[in-house]
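To start, the structure under review is shown below, and the notes come after it.
The values are calculated or read from the model by the stated rules, or taken from the named source; none is laboratory data. What you are looking at is a predicted structure, and each value in this text was computed from that prediction instead of being measured. So basically every Cβ, Gly included, is an ideal-geometry build from the backbone, and we count neighbours across all protein chains shown. In case anyone asks, the SASA skips ligands and DNA or RNA and just uses the protein heavy atoms, side chains included. Shrake-Rupley method; radii C 1.70, N 1.55, O 1.52, S 1.80 Å.
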Amino acid sequence: MSRIVLGVAGGIAAYKACLLLRRFTEAGHDVHVVPTANALSFVGETTWAALSGHPVHTSVFADAHEVPHVRLGRDADLVVVAPATADLLARAASGRADDLLTNVLLTATCPVVMAPAMHTEMWHHPATQANVATLRSRGVAVLRPAEGRLTGADSGAGRLPEPEDIEASALAALADPRAVAGMAAQDLAGWRAVISAGGTREALDPVRFVGNSSSGLMGVALARACVQRGAEVTLVAANLAIEAPAGVGVVPVVSTGDLAAAMAEHAPSADLVVMAAAPADFTPVSRSDKKLKKSGDAGLTVEFTQTTDVLAGLAARRPDGQVVVGFAAETASDEDDLVRLGTAKLARKGCQLLVLNNVSGGAVFGAEENEVLLLDPSGLVGRAAGSKTSVAHAIVDAAVSVRERRPA
Ligand code: CTP
């Protein structure tokens, strides 16, 4: 359980912060809500108090004997401001301390995530952009606002990101300081990332297929990490068990053949290509147009042929400067054995980075946690363990170092 301060500034999107608050409390976090006085014009104190289970104040003078303006910020594991209005960003950037929320921001030493929401013109105004740049340079993870319908009939950049996306960024910030640094630095701004995720299905007949247990969790976590760090992301999605993150272009595919075609189309213009999908290595030689029927006691024999190796093909055609990342799940007896198997696979595939999993102790498919080694052609360059979110940011860090070492 983490202690989260949820700051709410005065914008119509304040109502969405109620949903974010619910998500945090249902996940078991202890949340103190600190609205600005203007936020209370949109959602009242009673709602925040009832949903959080804590008293709610906006001023530094309430319960002054408990010194809440210092205690709340100092005790927090994470501060999330949603919505962060243009005014709140300006006050935070200039270090003002004119209400409880800005006091909390000045006393907090934990990660701070801000989710802006305002009209498009206000977001693009040089003053707001300068304030965002200042906050980011101080390590504050100012998220990109979503695009879409605003308060009235108008639409554009400035919508509050959806509560589940803010929660994902908040959880990334809680899980790993590297995620906060990446989100604040926007170190993938200007990058195009193409990521495959999920498991392919090779059809036997109109209703049956040969598939695998890949849930797509790792690929989706990577796509989300790349978006959070400023990249434009295409997710080539093979039968995902979960939803794709917002802000990602999704290309649905079914079979390894579809996946190969989609990657061939989208990868050439990418800066980063990640093959996190589990494509089938074999596909039936022929697919029956009609549903296969039982015939007496006879069994079924299916002849398979090998599919193309998508990763090896992408690595062979890699444009200068592009970073190609592969995954390998190996059953190794120990770490040396794992590194030996991984080194051979990295050379065979020709990729710049290989994310290595030891699956001998039980499958990682569908699990929330993961433990990986990161290999480049020089050998072991990193390791990461923890939530797939945290591992995803570690993989992105490694990909950024590879690109910095080998400029186009
Ligand atoms: N991969 C691919 N195309 C395939 C099979 C796998 O691009 N037809 C990619 C996976 O997405 C992953 C990497 O190759 O990034 C390694 O997958 P893995 O199954 O470990 O490798 P294989 O080549 O199938 O090797 P093995 O002989 O160990 O099964």
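Computed values, structure above
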read-out	value
Test set (1) open to solvent by 20 Å² or more (accessible area, probe 1.4 Å); (2) within 15 Å of the ligand (Cβ to nearest atom); (3) at positive phi - LEU240 fails condition number	(3)
Number of the condition not met by LEU300 [criteria: (1) at pLDDT below 95; (2) part of a helix (DSSP H, G or I)]	(2)
Number of the exception - ALA223 against (1) more than 14 Å from the ligand (Cβ to nearest atom); (2) within 23 Å of ARG318 (Cα to Cα); (3) not in a helix (DSSP H, G or I)	(3)
Single residue of segment 260-283 satisfying the filter (touching a helix residue (DSSP H, G or I) at 6+ places or on another chain (Cβ under 6 Å) and part of a helix (DSSP H, G or I)) that is farthest from the ligand (Cβ to nearest atom)	ALA267
Hits in segment 1-39 - residues which are of a type in the set (A, V, I, L, M) and part of a strand (DSSP E or B)	ILE4, VAL5, LEU6, VAL8, VAL31, VAL33, VAL34
Candidates LEU88, LEU105 - the one that is in contact with a helix residue (DSSP H, G or I) (Cβ under 6 Å, 6 or more places away or on another chain) and under 26 Å from LEU174 (Cβ atoms)	LEU105
Check on GLU232, more than 16 Å from the ligand (Cβ to nearest atom), open to solvent by 50 Å² or more (accessible area, probe 1.4 Å) and touching a Lys or Arg at 6+ places or on another chain (Cβ under 6 Å)	yes
Scope segment 193-213; condition open to solvent by less than 50 Å² (accessible area, probe 1.4 Å) and either modelled with pLDDT under 95 or on the phi < 0 side of the Ramachandran plot (or both); matching residues	ALA193, VAL194, ILE195, SER196, ALA197, GLY199, THR200, GLU202, ALA203, LEU204, ASP205, GLY211
Hits in segment 46-68 - residues which are in contact (Cβ under 8 Å) with a residue 12 or more places away in the chain, over 12 Å from HIS32 (Cα atoms) and not in a loop (DSSP other than H, G, I, E, B)	THR47
The one condition in (1) at pLDDT below 95; (2) over 23 Å from CYS110 (Cα atoms); (3) open to solvent by 60 Å² or more (accessible area, probe 1.4 Å) that ASN38 fails to fulfil	(1)
Residues within segment 174-192 that are in contact with a Lys or Arg (Cβ under 7 Å, 6 or more places away or on another chain) and crowded, with 21+ Cβ neighbours inside 10 Å, tallied	4
Test: residue in segment 85-92 that is within 14 Å of VAL142 (Cα to Cα) and of a type in the set (S, T, N, Q)	yes
Which listed residue, of ALA332, ALA315, is closer than 28 Å to ASP258 by Cβ and either open to solvent by less than 50 Å² (accessible area, probe 1.4 Å) or within 16 Å of the ligand (Cβ to nearest atom) (or both)	ALA315
Residue list for segment 228-255, filter: in a strand (DSSP E or B) and within 16 Å of the chain's Cα centre (by Cα)	GLU232, VAL233, THR234, LEU235, VAL236, ALA237, VAL248, GLY249, VAL250
Pick from segment 290-309, criterion within 16 Å of the ligand (Cβ to nearest atom) and either outside the structural domain of MET263 (by TED's automatic domain parsing) or hydroxyl-bearing (Ser, Thr, Tyr) (or both), ranking: farthest from PRO206 (Cα to Cα)	THR308
Test: residue in segment 69-80 that is at pLDDT 95 or above, open to solvent by less than 30 Å² (accessible area, probe 1.4 Å) and either in contact with a Lys or Arg (Cβ under 6 Å, 6 or more places away or on another chain) or in a helix (DSSP H, G or I) (or both)	yes
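To keep it simple, each residue is scored yes or no on (1) farther than 23 Å from GLY216 by Cα; (2) in contact (Cβ under 8 Å) with a residue 12 or more places away in the chain.
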{"site": "PRO279", "(1), (2)": "no, yes"}
{"site": "LYS290", "(1), (2)": "yes, yes"}
{"site": "GLY299", "(1), (2)": "yes, no"}
{"site": "GLN306", "(1), (2)": "no, yes"}
